[in-house]
Amino acid sequence: MAEDQSKPRSVLPRSVLFVCTMNAVRSPMAAGLLRHLKGRDLYVESAGVHAGELDPMTIQVMAELGITLNDHHPRSFEEFSGQDFDLVVALSKEAEQHAGARASRIEYWQTTDPTQAEGSYEQRKAAYRAVRDGLKRQIAAKFG
């Protein structure tokens, strides 16, 4: 079957910045997943509105997919001022509000903060896995 030529093809960005609140859970997960998917085809970074400390459970659930985040050092959005990205993906409302005045192409992906999960260790870990898996689906849909 012939491809529909009437629909414009979406142009994939060459550089992506994922931003969340602390650059400790959601944005490092997203950046790690996209790097794993696309390798060196894209320039990918992550930041937070504030730089926090990398969450150990984030490292654990990403390692389950063979993605290492041990070398990740949380950075603030300010550290990327003056640097242009084709796309900024905000993963928290605070990040969306902060990035709004600083980037021309922004997408907001509503993403739960798994650090707010309660319950046993396994229940909290399941919340991190759910965020990871949701981001993985969104990234696969967006970037192929």
* Choose one of Tyr121, Gln97, Ala141: the residue whose Cα lies farthest towards the positive end of the charge dipole of the chain (beta-carbon charges +1 Lys, Arg; -1 Asp, Glu; about the Cα centre). => Ala141
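Using unit Cβ charges (K, R positive; D, E negative) and no other charged atoms, how large, in debye to the nearest 20, is the dipole of the chain about its Cα centre?
The dipole magnitude comes to about 380 debye.
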* Subtract the Cα-Cα distance of Ala140 and Glu64 from 0.36 nm times their separation in residues, and report this length gain in nm to one decimal. => 25.6 nm
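Taking only C-alpha pairs under 8 Å that are 6+ residues apart, what is the relative contact order of the range 15-143 in percent?
On the way: 228 pairs, mean separation 37.3, N = 129.
Normalised by residue count, the contact order of the range 15-143 is 29 percent.
Rule-of-thumb check for the chain: C-alpha Rg over 2.2 N^0.38 Å?
Numbers: Rg = 15.5 Å, N = 144, 2.2 N^0.38 = 14.5 Å.
Normalised Rg, Cα atoms only: 1.07.
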* Asked: Is any helix in the chain, taking whole DSSP H runs, at least 24 angstrom long along its axis by alpha carbon and on average at least -1.0 on the Kyte-Doolittle scale, and which ones?
  -> 121-143
* Asked: In a GNM of the chain with a 10 Å cut-off on Cα contacts, which of Gln60, Gln116, Gln97 has the highest mean-square fluctuation?
  -> Gln116
* Label point at Glu94 placed 7 Å out along Cα→Cβ; residues across the range 56-84 whose backbone nitrogen lies under 20 Å -> 56-59, 73-81
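Laboratory data are not the source of any read-out in this text; all were calculated from the coordinates shown. Please read all numbers here as calculations on a predicted model, not as lab measurements. Note that each Cβ is placed from the backbone with ideal geometry, even for glycine, and that neighbours are counted across all protein chains shown.
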